[in-house]
Amino acid sequence: MADKTVAAWSVKALRGSVIFWFAVATIGQLAFVAYIAGFYGRAAMAGDFERWNKVLVGGYVPGGLAGNIVLAAHLLLAAVITLGGPAQLLPWIRRHHPRLHRWNGRIYMLTALLISLGGLYMVWTRGTAGGPSLRIGISLNGLLIVGAAIIAWRFARLRRFAEHRRWALRTFVLASGVWFFRVGLMFWILANRGPVGIGPDFDGPFVRAWAFGCYLAPLAMLELYLAAERRGPLSRFATAVGFGSLTLAAGVGIFGAVMAMWLPRMLH
Ligand code: HEM
């Protein structure tokens with residue numbers, strides 16, 4: 001009897017921690033979309049594409065038509081994928097609007113492929129901030145997104161929904177890598193009260209590690225969660241505590257990203 005109560009509580013704790021995580025992450029992802037629209041979208045509407053280069057390193061190149069189109073598409077798709085991810089994970093939409101779930105899923109997977117391939121093209125033709133680690137880190141992120149999206153889509157087609165769910169969650173976590181990068185970066189700076197391990201050229205030890213950690217660490221956390229669902233109460237409680245702590249850290253990082261990066265750029 002007592003065992004059953006503990007098991008039931010562990011299920012509740014795990015679910016509660018995931019809902020807490022999802023709510024905070026969704027707010028943070030919506031803030032990222034608001035920034036993409038409010039900074040890049042607003043400058044584009046005004047025809048002032050050069051303003052993008054106040055943030056970008058490779059960025060907009062006058063006369064470089066093909067690369068500029070890829071960049072503009074990347075920024076537009078960044079808003080689409082960041083909005084589409086949390087919507088796709090809402091159980092309410094899956095249960096009550098299955099057609100919407102299927103269509104949003106197709107758009108999400110296609111966007112994941114296009115944004116990653118476009119991103120790879122930009123990294124290796126125009127460059128990005130930081131050194132080789134960042135370029136290699138984000139390139140591996142892009143390749144993993146493409147792989148996971150294709151596998152998730154295949155399992156959905158085969159109607160093998162347990163595997164589809166696992167691979168769709170992996171796709172979501174990988175596609176949130178660039179968001180995790182920014183949020184983790186700001187958490188790190190706030191926690192250390194300064195840019196420890198970052199370096200003036202944005203190529204310090206922290207940046208090199210986080211270039212890979214920003215998607216591998218969340219992926220490991222997801223795997224722990226998927227395993228905990230099938231394991232005993234202890235593993236579920238431990239994962240719930242892990243999620244709770246990470247959500248608090250993400251909250252700090254989101255606050256930092258909004259205040260130090262996104263809001264100031266939107267307001268100027
Ligand atoms: C899948 C989700 C992705 C989202 C939501 C996303 C979003 C963004 C955003 C918002 C920017 C503008 C930079 C900023 O203001 O922070 C950007 C730039 C960029 N992204 Fe992505 N991105 C994604 C994936 C990728 C991938 C997989 C790659 C590479 C393989 C990539 C490569 C780039 C490059 C090269 C830039 C321009 C950097 C510069 O010129 O400084 N992105 N992305």
Reduced to Cα centres, the span from region 129-146 to region 166-224 in Å works out to 12 Å
Contour minus Cα-Cα span, W124 to D48, at 0.36 nm per residue, comes to 24.9 nm
Relative to the chain, whose Cα atoms define the longest principal axis, helix 233-257 and its Cα axis are tilted in degrees, nearest 10, by 20 degrees
Low-density loop chymotrypsin sites (Phe, Trp or Tyr not before Pro), region 12-47, at most 13 other Cβ within 10 Å, DSSP non-H/G/I/E/B, are none
Taking only the alpha-carbon positions of region 1-71 as identical scatterers, the Debye log10 I(q)/I(0) at q = 0.18 Å⁻¹ comes out as -0.78
In whole Å, largest first, the alpha carbons of region 2-267 cover along the principal axes 69, 45, 32
Using the Kirkwood formula on alpha carbons, the hydrodynamic radius of region 131-250 in angstrom works out to 15.7 Å
For the chain, the longest principal axis of the Cα atoms and the Cα long axis of helix 205-230 enclose an angle in degrees, to the nearest 10, of 30 degrees
Computed over the chain: longest principal axis from alpha-carbon atoms vs helix 2-35 long axis, angle to nearest 10 degrees, is 10 degrees
Calculated from DSSP helices alone, with each H run of at least 4 adding -39500 (n - 2.57) and the total divided by the residues of the chain, [θ]222 nm to the nearest 500 comes to -26500 deg cm²/dmol
Among I150, M109, A8, the residue whose Cα sits farthest towards the positive end of the charge dipole of region 2-267 (+1 at Cβ of Lys and Arg, -1 at Cβ of Asp and Glu, taken about the Cα centre) is A8
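Read the figures in this text as sums done on the coordinates, not as results from a lab. Being a predicted model, the structure only gives us computed values, none of them experimental. Cβ atoms come from the backbone with ideal geometry, glycine included; neighbour counts cover every protein chain shown.
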